[in-house]
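All remarks here apply to the structure that follows.
The values are calculated or read from the model by the stated rules, or taken from the named source; none is laboratory data. Keep in mind the model is a prediction, meaning the values are calculated, not measured. Note that each Cβ is placed from the backbone with ideal geometry, even for glycine, and that neighbours are counted across all protein chains shown.
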Amino acid sequence: MLRARKHAYFFSCDISHMFGQIEIHPRQRHFQKILWKKGLNEPVQIFKLKTVTYGTTPACYLSTRVLKQLSLDERENFPRAADIVLQDVYLDDILSGCSSLNELESLKTELTQLFKSAGMSLHKWCFSHSTNDFPDLHFDQSSEENMTKTLGALWNSSSDTFCFKVSPSTRNIFTKRDVLSQIARIYDPLGLLGPVISKANFFMQQLWLLKLEWQEKLPVPVASEWASFVQSLPDLEELRIPRFLLSENLQSIILYGFSDASEKGFGAVTYVSMINNSGDRHSHLLCSKSRVAPLKTLTIPRFLMNARSLKDERVSGPVS
């Protein structure tokens, strides 16, 4: 997700029916036997599945290993596409990009040919710029408001922004299980909603201190506080965070990491600051991470050390 924010031209696509395109070696197929019976009086039939079966324990590893081998085998013929497969493929999703339109067209062709050599095809192409300007690319913009899920996060390909979709609970009575379920539905891999999620986690910790059962109704004052928080969640859908961070004619790029702590929790945030040739400076939020302080009492200096470690993790990721 961080690498996706550095490309001027960004695209996403999907490997069509990836698991079903990967054959299992004949000597290993007896591990994928299924029993089938058409009727009560019919004999039991034994089938061996010939391809990788989605949902089995080794399926994700096998598919990832096959894609890695494909990129190694075809690197000489498709060098740039091979690098993308090694670095920018997440299961069956490809998220990558480049710095120019000509390079984008070339990458699309090369990726298509690379997977075609293995009997696979790519579909659900989505592009960060309007396809009306580039009809030759033949991208398949998503149907509903150009919204595309990229590793669980929502990306609006039309405006090239990250956005959020929340499903607030409509209940009037809440339990501890309801609270945890609502928090889990707020997916934010880059930490762009750090303050909101931190507030929810602080509330959840207070429920633990009350020692409530999972299905026990929250006390009226506590439930009222949570209801107020839930009612404010739809406001998150108004957020539009630019995907692309960089700009043209850059003179320098600087990463700034900040960390802080309190008795309730600690966190870290990374900003990217850019200076162009004209001396203008632009700064953007890159990512953040926060954690709730443990129930075991620690000193503020200890929390600050934890926050610093968290900051080092946030900064070292983008640098690497």
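See the values below:
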| item | result |
| --- | --- |
| Tally, over region 259-268, of residues that are in contact with a Lys or Arg (Cβ under 7 Å, 6 or more places away or on another chain) and not small (Gly, Ala, Ser) | 1 |
| Hits in region 260-280 - residues which are at pLDDT below 90 and either farther than 22 Å from PHE203 by Cα or part of a loop (DSSP other than H, G, I, E, B) (or both) | SER262, GLU263, LYS264, ASN276, ASN277, SER278, GLY279, ASP280 |
| Conditions (1) part of a helix (DSSP H, G or I); (2) of a type outside the set (D, E, K, R); (3) modelled with pLDDT of 90 or more; (4) loosely packed, with under 12 Cβ neighbours inside 10 Å: number failed by PRO301 | (3) |
| Which numbered condition SER106 misses (of (1) of a type in the set (Gly, Ala, Ser); (2) closer than 30 Å to ASN146 by Cα; (3) outside any helix (DSSP H, G or I)) | (3) |
| Qualifying residue in region 33-56 (condition: at pLDDT below 95, exposed (fewer than 12 other Cβ atoms within 10 Å of the Cβ), within 23 Å of the chain's Cα centre (by Cα) and more than 19 Å from CYS126 (Cβ to Cβ)) | yes |
| Subset tally (residues that are part of a strand (DSSP E or B) and either touching a His at 6+ places or on another chain (Cβ under 7 Å) or free of Cβ contacts under 8 Å to residues at least 24 places away in the same chain (or both)) for region 35-53 | 6 |
| Qualifying positions in region 147-186 - farther than 30 Å from SER96 by Cα and free of Cβ contacts under 8 Å to residues at least 24 places away in the same chain | THR170, ARG171, ASP178, SER181 |
| Out of THR170, THR150, sole residue that is under 30 Å from VAL89 (Cα atoms) and not hydrophobic (A, V, I, L, M, F, W, C) | THR150 |
| Candidates GLN21, GLN32, filtered to the one that is without any contact (Cβ under 8 Å) to a residue 60 or more places away in the chain, at negative phi and not β-branched (Val, Ile, Thr) | GLN32 |
| Filtered residue count, region 167-196, keeping only those that are touching a Cys at 6+ places or on another chain (Cβ under 6 Å) and hydroxyl-bearing (Ser, Thr, Tyr) | 0 |
| Residue list for region 235-250, filter: at pLDDT 90 or above and of a type in the set (Asp, Glu) | ASP235, GLU237, GLU238 |
| Enumeration of residues in region 241-297 that are of a type in the set (Lys, Arg), closer than 30 Å to CYS98 by Cα and surrounded by fewer than 13 Cβ atoms within 10 Å (Cβ to Cβ) | ARG281 |
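Per-residue answers, yes or no, for (1) modelled with pLDDT of 95 or more; (2) surrounded by fewer than 13 Cβ atoms within 10 Å (Cβ to Cβ); (3) not in a strand (DSSP E or B):
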site	(1), (2), (3)
LEU95	no, no, no
ASN102	no, yes, yes
GLU110	yes, no, yes
PHE115	yes, no, yes
LYS124	no, no, no
THR131	no, no, yes
ASP136	no, yes, yes
PHE139	no, no, yes
SER142	no, no, yes
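So that you can scan it fast, the table gives a plain yes or no per residue for (1) modelled with pLDDT under 90; (2) hydrophobic (A, V, I, L, M, F, W, C); (3) assigned to a strand (DSSP E or B); (4) under 25 Å from the mean Cα position of the chain (by Cα):
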| residue | (1), (2), (3), (4) |
| --- | --- |
| TYR187 | yes, no, no, yes |
| LEU207 | no, yes, no, no |
| VAL230 | no, yes, no, yes |
| CYS287 | no, yes, yes, yes |
